[in-house]
Amino acid sequence: MTGTPIHPTAIVEPGASLGPGVRIGAFSIIGADVVLGADVEIGNHVTLERRVVLDAAVKVGHGAVLGGAPQDLKYKEGTVSGVHVGAGTVIREYVTIHRATTPDGWTDIGRNCLIMAMSHIAHDCRLADGVIVINYAGLTGHCTVGERATVGGLSGIGPFTRIGAYAYLGGCSTLTVDLPPFMLATGQPATVRGVNVIGLRRAGVPPEVRRTIQDAHRLLYRERLTPKAALDRIAHEIPRTPHIAMLTEFVEAARRGICGAPRGVGAVESEEIV
């Protein structure tokens with residue numbers, strides 16, 4: 001963005017806190033409870049409502065709306081809640097991120113995320129560092145997305161759904177159960193097609209660790225085992241590295257079920273851990 005740091009047509013309400021180097025584009029509205037860290041860049045026609053906190057070097061594209069009221073029938077008007085975005089995150093054009101439903105709650109976006117154009121992140125969602133949300137994806141309320149996971153374009157994520165770290169959900173997918181860490185899934189409904197090997201390589205995960213994850217994937221998704229039986233075999237047959245511990249703990253905590261294998265391929269689909 002070029003020009004003066006704060007465009008003369010922008011509205012910055014009294015009470016807003018602006019750090020050094022903040023830039024605000026034409027016709028943008030910055031509410032009284034907004035806090036902008038150093039070097040934040042706000043595009044044109046952006047609206048930041050109520051309690052919105054953007055850490056240093058966050059960039060918000062033209063037409064985005066952050067801090068709007070939740071689309072939740074349980075929400076009570078006047079509830080004080082907010083949106084927090086971590087340092088270095090980029091939010092592209094016309095993204096909407098709603099504030100939390102509960103008092104003093106936060107919709108939380110981690111550091112160095114990329115939220116691409118026209119995506120929606122609903123109330124009370126939590127995205128860890130390095131998450132990528134591709135164009136037109138929609139996350140409904142209370143979803144959590146782990147570190148460096150990717151949500152494909154035009155995908156729909158059901159409420160309270162969890163996506164594990166380094167997982168990859170392909171475009172145009174529907175996900176209503178939990179997607180374990182490191183897995184690659186796609187489809188309507190989404191099913192696990194393999195391990196996100198490319199993502200793990202990019203993250204610097206060494207080959208021997210990737211192999212243990214692939215071994216765990218085989219037990220979870222190719223041996224026609226229930227998740228509980230697969231976890232028992234993983235515990236006895238695969239070394240408990242930090243990555244395997246992350247995977248097994250995620251599956252153990254899946255009260256809504258986990259994303260299954262394609263029909264006829266392997267594990268029992270979407271079975272709860274009891």
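The values are calculated or read from the model by the stated rules, or taken from the named source; none is laboratory data. Computed from a prediction, not measured in an experiment: that's the story for all the values here. Surface accessibility is based on the protein's heavy atoms, side chains included, excluding ligands, DNA and RNA. Shrake-Rupley method; radii C 1.70, N 1.55, O 1.52, S 1.80 Å.
A simple rule links phi to the HN-Hα coupling: the Karplus curve 6.51 cos²θ - 1.76 cosθ + 1.60 with θ = phi - 60°, which for region 245-262 gives 4, 4, 5, 5, 5, 4, 5, 4, 8, 7, 8, 9, x, 10, 4, x, 7, x Hz, with x for Gly and Pro. Among Ile258, Ile163, Ile244, the residue with the largest mean-square fluctuation in a Gaussian network model of the chain, with springs joining Cα atoms closer than 10 Å, is Ile244. Our summary gives the chain a relative contact order of 8 percent, counting only alpha carbon pairs under 8 angstrom and 6 or more residues apart. Expressed to the nearest 5 percent, the antiparallel share of DSSP beta bridges inside the chain is 10 percent.
Under 10 Å, Cα contacts only: if you run a Gaussian network model on the chain, which one of Gly88, Gly204, Gly170 comes out with the highest mean-square fluctuation? The residue with the greatest mean-square fluctuation here is Gly204. Couplings 3J(HN,Hα) for region 174-179, derived from phi with the Karplus relation 6.51 cos²θ - 1.76 cosθ + 1.60 (θ = phi - 60°), are 10, 10, 10, 10, 6, 9 Hz, where x marks Gly and Pro.
For the chain, the percent of C-alpha pairs falling in each 5 Å distance bin, counted from 0 to the bin holding the largest distance, reads 1, 6, 13, 17, 16, 14, 11, 8, 7, 4, 2, 1, 0, 0.
Please identify, among Ala128, Ala26, Ala185, the residue showing maximal mean-square fluctuation in a Gaussian network model of the chain using a 10 angstrom Cα cutoff. Comparing Ala128, Ala26, Ala185 in a Gaussian network model of the chain, the most mobile one is Ala26. In order along region 212-226, the phi-based Karplus estimate (6.51 cos²θ - 1.76 cosθ + 1.60, θ = phi - 60°) of 3J(HN,Hα) comes to 5, 5, 5, 5, 5, 4, 4, 5, 6, 10, 10, 10, 6, 9, 5 Hz; Gly and Pro are listed as x. Between amide H atoms placed 1.01 Å from N, distances below 5 Å from Tyr168 occur with Thr150, Met183, Leu184, Ala185, all of them 5 or more places distant or on a separate chain.
For region 1-87, carbon and sulfur atoms together expose 58% of the accessible surface, with a 1.4 angstrom probe and every protein chain in place.
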